[in-house]
1. A:LYS166: which lysines have alpha carbons under 24 Å from its alpha carbon, excluding same-chain residues fewer than 8 sequence positions away?
2. For chain B, what is Rg from Cα atoms divided by 2.2 N^0.38 Å, rounded to two decimals?
3. Calculate one ³J(HN,Hα) per residue across region B:180-195 by plugging θ = phi - 60° into the Karplus curve 6.51 cos²θ - 1.76 cosθ + 1.60, and present them in order as whole Hz with x for glycine and proline.
4. So what is Rg over Rh here for the protein assembly as shown, counting just Cα atoms and using Kirkwood for Rh?
5. What are the distances, in nm and sorted shortest first, from the label point of B:PRO305 to the label points of the same position in each other copy, with each label point placed 7 Å from Cα along the Cα-to-Cβ direction?
6. Report the FRET efficiency, 1/(1 + (r/R0)^6), for B:ILE268 and B:GLU52, where r is their Cβ-Cβ distance and R0 is 56 Å, rounded to 0.05.
7. If you take the beta carbon distance between B:VAL62 and B:ASN230 as r and set R0 to 60 Å, what does 1/(1 + (r/R0)^6) give as a FRET efficiency, to the nearest 0.05?
8. Put the label 7 Å from Cα along Cα→Cβ for B:THR70; what are its distances to the other copies, in nanometres, shortest first?
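The values are calculated or read from the model by the stated rules, or taken from the named source; none is laboratory data. Everything numeric in this text was worked out from a predicted model, so none of it was measured. Cβ: placed from backbone, ideal geometry, glycine included. Neighbour counts: every protein chain shown. When the accessible area is computed, the model is the full protein with side chains, heavy atoms only, and any ligands, DNA or RNA have been set aside. Shrake-Rupley method; radii C 1.70, N 1.55, O 1.52, S 1.80 Å.
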Protein chains: 2
Amino acid sequence: MHDCMDWRNVSFDWNRARAFLVTAEEGSLSAAARALGMAQPTLGRQVTALEEELGVTLFERVPRGLELTTAGLDLVEHVRAMGEAAGRVSMAATGQSDTVDGQISITASEIYSAYLLPPILAQLRDIAPGIDIEVVASNTVRDLKRREADIAIRNARPTQPELIGKLVAEDRAALYATPDFLEQMGQPQTPDDLREADFIGLENLDQLIDGLNAGGYELSRRNFAIQTENHLVHWQMARHGLGIGIGPCHLGDRDPGLARVLPNEEPIRFPVWLVAHRELQTSRRVRLVFDLLAKEIPSLLGSDPEALKDFA
Amino acid sequence: MHDCMDWRNVSFDWNRARAFLVTAEEGSLSAAARALGMAQPTLGRQVTALEEELGVTLFERVPRGLELTTAGLDLVEHVRAMGEAAGRVSMAATGQSDTVDGQISITASEIYSAYLLPPILAQLRDIAPGIDIEVVASNTVRDLKRREADIAIRNARPTQPELIGKLVAEDRAALYATPDFLEQMGQPQTPDDLREADFIGLENLDQLIDGLNAGGYELSRRNFAIQTENHLVHWQMARHGLGIGIGPCHLGDRDPGLARVLPNEEPIRFPVWLVAHRELQTSRRVRLVFDLLAKEIPSLLGSDPEALKDFA
DNA sequence: GCCAATCCATGCAATCATGCATAGCATCCC
DNA sequence: GGGATGCTATGCATGATTGCATGGATTGGC
């Protein structure tokens, strides 16, 4: 089967190829070194050695950094393919990994990262002390295909076929403000009473306004004098009486310093999905964390299993 | 362009992946080591380290050798893709032979052009008949930046940053004359014996005199009754007994019609550099010729690789 | 049953690669 | 124009990797 495969063609130093790839993608040796957790001189020497080895000048040394030559531009395409294959190797390896100990990376919104994950991760530390946990708190959807995280907590069903998702809970969100703030407003009762109210804004402001208006509100940008892209900051602002904030009920209802702005309005209901890459689902470690999250999130959110049917 | 690609997923040791691939394909560490030109323990340790790194047992150690586990069987598929990409990298770097065709221009001193290059260029004709060769025989340094030639053979390290040089050999030169001429002089033994001798001059006569006097001679312009700027003519004059000439030992020592004037004096030693423009170094054609010259010049000159260290 | 061949694992010395600290340089901003 | 900040290149000491030599073990053949 393997009569006489010639391995000399691949006998150049593959780590140098990796150094070249990351340097090309990051644009400078220093940035690449930071990304890889290596020293800059090391990377520089590896790139130089690869140029020597292949007999190709890959980069033009310019003061701003390194710039790909035409030859380098040609080669980086092939090396990129190598890197993508390497990513699949790593993905499959984690999936095959029979040891629980290791690193795992979870991405979730800032609110979930701050209020939902900590008690669960404390449990995880007890159950499996050998697992190193990294939490990527981000309100933008991270790409699991590129392995930006192993497990994601999201509020929508994953669309990509290589991702598998599990609907684990229902979450609810409502408008919150301090009791003082509401008293000053005269205890609003209907969305109409909020037409002149001060809200605290988030990123994607127009999208938020459209969403609320679709629910019967009549708001515009002038209602949002204060704005932040950070949801935790947003929440703290609401708690300090700076305006009306939007947040999950499991937080707001338990916060003695906050009250629902419109107690008679039904909260917004949305699903909570756990998402992981198919390859990773076979990993004992990923499996363990995934199952723990699936078990604990519903109880922490006080989610009724019956309610999940509405999102199917 | 893409904000923050996460490279941790590819940060495992790629060389270990290569070790794993070749071992899996060849069926044993020993065979893989032979194929890669490495030692068997090295490869064994790399595979073990990869297993450690990925947390996956790749091979079952059986008496006959190594056998892939099911996990390894899964992983080898992905690593094979990596290897194939590596092959394309190497291919793109090495270049296909059909793109080699074209014109190339080499500049060298007259002596080298006449005595050193011909046998090498004959080889080149055999290897790559599609390459048209131009030899610029010149004792003045041609400007590679202005593309006066593609490759230069020089006796000094290139100073301009856009030129890259490779120290390929050590050359030696000595004073030569015909045996008859020496007998007539009474067989000189020391530089002092040559104070009244007839030398054959070259261009830059004063520079040559200074150089020789720095080596213990006591010469002046009146020792140079005959002078020519052409080194080949210079050499032929020496061969015809017109005086003492200076020339490379690899020529003089093999010439039955010539003998060293001072056999006990150490020859002048100087480095042989191959020089090319950085940009041209990426050309497959230039590379091919460059490498051929780098390989053949040392053996033609009988240069000891150890001697090169003196010029570093 | 023994010898030869082949395989993997380990000890050890030399080599190579790495990281740190630093120098050299260009650029940007005040 | 000068200080701050980004980059790459180099010297040097340390630590990791390599190759060689060797040991232990199994298979196959005579």
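1. List returned: A:LYS145, A:LYS295, A:LYS309.
2. Working: Rg = 28.0 Å, N = 312, 2.2 N^0.38 = 19.5 Å.
With N residues counted in chain B, Rg over 2.2 N^0.38 Å equals 1.44.
3. Once rounded to whole Hz, the list reads 4, 4, 5, 4, 4, 7, x, 6, x, 10, 10, x, 4, 5, 9, 4.
4. On the Cα set of the protein assembly as shown, Rg over Rh gives 1.21.
5. 7.3
6. Efficiency, from the Cβ-Cβ distance: 0.50.
7. Values: r = 73 Å, r/R0 = 1.21.
Here the calculated transfer efficiency is 0.25.
8. Spelled out, the distances from B:THR70's label point are 5.3 nm.
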